[in-house]
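Every number here is computed from the coordinates shown, using simple stated rules; none is lab data. These numbers come from a predicted model, not from an experiment. Methodologically, a virtual Cβ is constructed for each residue, glycine included, from the backbone with ideal geometry; neighbour enumeration extends over all protein chains shown.
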């Protein structure tokens, strides 16, 4: 075995008898039969020879008995090694099955991790797209605000310079007109600044509310009074269908007037001359509904979900948009949600729009809570 290629010279079998049956050599790591050589064949041949010789040894009892003992010993040794090898095979099978189970578990974990990473990637992609959309909307908003602020400021500056530098050449009637325009433009600037401040307070949850039991019909009547001059200027007919039996609601009267006024203003802006605006109220279950409908230009279907978002206004070109920052509807949405109500829009482009509001009816529990809070405030005072 020393001269065989691939056998290490330190191999035990190259120096001693092949006694490491069923085991791999620690030095050359050869397969069992290659490592042991022909030892199995020799043992089996010896056993076979002994079996053949036994009949001839019957006359020699000592040799006969010794042969039988040798045969038994050889069979026992072979059985022991076979059993030992079988145990090794079972142990190997167990370890292989265990490793296979571990691999399957790792594979499932990898698949789960891959799905999680794909979901996170999708979420990040959506968030990134949303951020880009918001950034684009904010850029549009800045353009709109710059345009809206520049227009009244230009008017104020121009008429102020005329009154300051050419006062002697301006008739009293013209001076009064100039002052009225300046006053109107200042009011316009004030409204835009108030819109931005209101939205900031609503976002920060710092808006102060004066919640009381109110009648929605009075809120609508107050809002209509402020809109009549604008509607009359465009010869727009306002038709009201108000339910006088509407139950009371709990709300901030001033803020709800702000919402209704904003919806009326939008209807007047987008309704052509000699158009029609309709106002409906209705009681349904535990809610009251207000609807403002016009027959104006309408809203494209793909913009209906965005008109209540910040920095958004109907249309795509700044110069084609009606005056305003586009903050009115987001403010309306925040106020209505603060009243635990809903607001939405329905529209067919070219035929008009319909804005709907639902508000919960005042409950006895709400009235009791408000009464208790007033009593507590009085006691503290």
Residues residue 143 and residue 177, FRET efficiency given R0 of 30 Å [Cβ-Cβ distance, rounded to 0.05]: 0.45
25 Å tail of the calculated P(r), the stretch 173-296, as % of Cα pairs: 38 percent
Principal axis dimensions, the stretch 113-256 - Cα atoms, whole angstrom, descending: 82, 50, 32
Sorted peptide list for 46-59, 334-347, criterion being average Cβ within 10 angstrom, highest first: 334-347, 46-59
Where N is the number of residues in the stretch 135-203, Cα Rg divided by 2.2 N^0.38 Å: 1.44
Ranked by how many other beta carbons lie within 10 Å on average, peptides 191-200, 116-125 from highest: 191-200, 116-125
Part-to-part distance (alpha-carbon centres) for the stretch 97-155 and the stretch 164-201, which is given in Å: 44 Å
Highest average packing first - 283-290, 166-173, Cβ atoms within 10 Å: 283-290, 166-173
Compactness index (Cα Rg / 2.2 N^0.38 Å), the stretch 245-291: 1.37
Per-residue Cβ neighbour rank within 10 angstrom, fewest leading, 264, 178: 178, 264
For the stretch 212-368, Kirkwood radius (reciprocal of mean inverse C-alpha pair distance, Å): 16.0 Å
Three semi-axes of the equivalent ellipsoid, the stretch 63-197, Cα gyration tensor, whole Å, largest first: 105, 9, 7
Potential lengthening between residue 119 and residue 191 on full extension [0.36 nm per residue; Cα-Cα distance subtracted]: 21.5 nm
The stretch 51-142: translational diffusion in µm²/s, Stokes-Einstein, Kirkwood Rh over Cα pairs, 4 °C, 1.567 mPa s: 63 µm²/s
